[in-house]
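The next block holds one structure in the form of structure tokens; read it before the comments.
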Amino acid sequence: MFVSRSMTRRVITANPETTVFEAQELMSKNRVRHLPVVEQGDKLVGIVSDRDIRSALPFQCFKEGISPEEKQKLEGLQVRDIMTRKVFTISPGYTIQDALLMIQNSKVGALPVVDEEGRLKGILSVRDLLRAFINVLGIGQPGTLLCILVEEKVGQLKKIVDAITEMGVSFGSVLVARYWEEDKRAVFPYLLTLNVAGVKKRLTEMGYTLIDPMQWYMDQPPDEEPPQRR
């Protein structure tokens, strides 16, 4: 799950002299929300987003249109005037888990991918990350997600996987997450079947508690009711 495998390689870019109207047209035509700004040799010098453009242009540009005179006054506005110069970037050798944390912590919608010399190699957006995780988790295939509460001790996951495998059911993926009770964990197997009644019965007989995945969440104050169990 490396960035180099998940990034978009064909990057739509601008240069510092690109006008804001040209940048707006590039975004609209190519259906992108971020334009890395590069100079000669694909050297990354900034990035401009659709939000930057909306902030730079009058509201009328997007709703009512503006007069030729008003547009002429704005035609001298260039990407260099509105771009973000301190860009959060990532290396092709990083994992998409690294990228997910960087996007979460930096609160950006995309990360330009650059080599050691700062040359642009690609871009990794939230959309790219979603696609990568969908592929990894196997949730693009028809199936059913279960949520099983287990005690936090060695061997629990193996017991669950073995029990389900013995029933001839295939896995799309298995995730383990912390639960709001400190001594519990939540196991999320994505099973490549829509008929899970037998699996649920088997797990219940083994002493496991199943909850509705839609009612699960990691953090819960002690004075609130726990998720509905079944």
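The values are calculated or read from the model by the stated rules, or taken from the named source; none is laboratory data. This is a predicted model, so every value here is computed, not measured. All Cβ positions, even for glycine, are placed from backbone atoms using ideal geometry, and neighbour counts span all protein chains on display. The area values use the complete protein model at the heavy-atom level, side chains included, leaving out ligands, DNA and RNA. Shrake-Rupley method; radii C 1.70, N 1.55, O 1.52, S 1.80 Å.
Things to note:
- Selection from segment 138-150 of residues that are closer than 11 Å to V187 by Cβ and either out of contact with any helix residue (DSSP H, G or I) (no Cβ under 8 Å at 6 or more places or on another chain) or of a type outside the set (A, V, I, L, M, F, W, C) (or both): L149
- Test: residue in segment 30-42 that is of a type in the set (D, E), within 21 Å of G118 (Cβ to Cβ) and surrounded by fewer than 18 Cβ atoms within 10 Å (Cβ to Cβ): yes
- Residue in segment 137-154 that is modelled with pLDDT under 90, β-branched (V, I, T) and within 29 Å of Q104 (Cβ to Cβ) present: yes
- Exclusive hit being within 30 Å of V3 (Cβ to Cβ), open to solvent by 90 Å² or more (accessible area, probe 1.4 Å) and aliphatic (A, V, I, L, M), set L101, L145, L129: L101
Every residue, every condition in (1) of a type in the set (V, I, T); (2) touching a Gly at 6+ places or on another chain (Cβ under 7 Å); (3) loosely packed, with under 13 Cβ neighbours inside 10 Å; (4) not in a helix (DSSP H, G or I), yes or no:
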{"site": "F133", "(1), (2), (3), (4)": "no, no, no, no"}
{"site": "I164", "(1), (2), (3), (4)": "yes, no, no, no"}
{"site": "L175", "(1), (2), (3), (4)": "no, no, yes, yes"}
{"site": "E181", "(1), (2), (3), (4)": "no, no, no, yes"}
{"site": "F188", "(1), (2), (3), (4)": "no, no, no, yes"}
{"site": "K200", "(1), (2), (3), (4)": "no, no, no, no"}
{"site": "L203", "(1), (2), (3), (4)": "no, no, no, no"}
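- Considering the conditions (1) over 30 Å from G41 (Cα atoms); (2) in contact with a Ser or Thr (Cβ under 9 Å, 6 or more places away or on another chain), D128 is excluded by exactly one of them, (1).
- Selection status of G168, touching a helix residue (DSSP H, G or I) at 6+ places or on another chain (Cβ under 7 Å), part of a loop (DSSP other than H, G, I, E, B) and either without any contact (Cβ under 8 Å) to a residue 40 or more places away in the chain or of a type outside the set (G, A, S) (or both): no
- Pairs with Cβ under 8 Å, 6+ apart, first in segment 84-108 and within 15 Å of L120 (Cβ to Cβ), second part of a helix (DSSP H, G or I) and of a type in the set (S, T, Y): F88/S106; P92/S4
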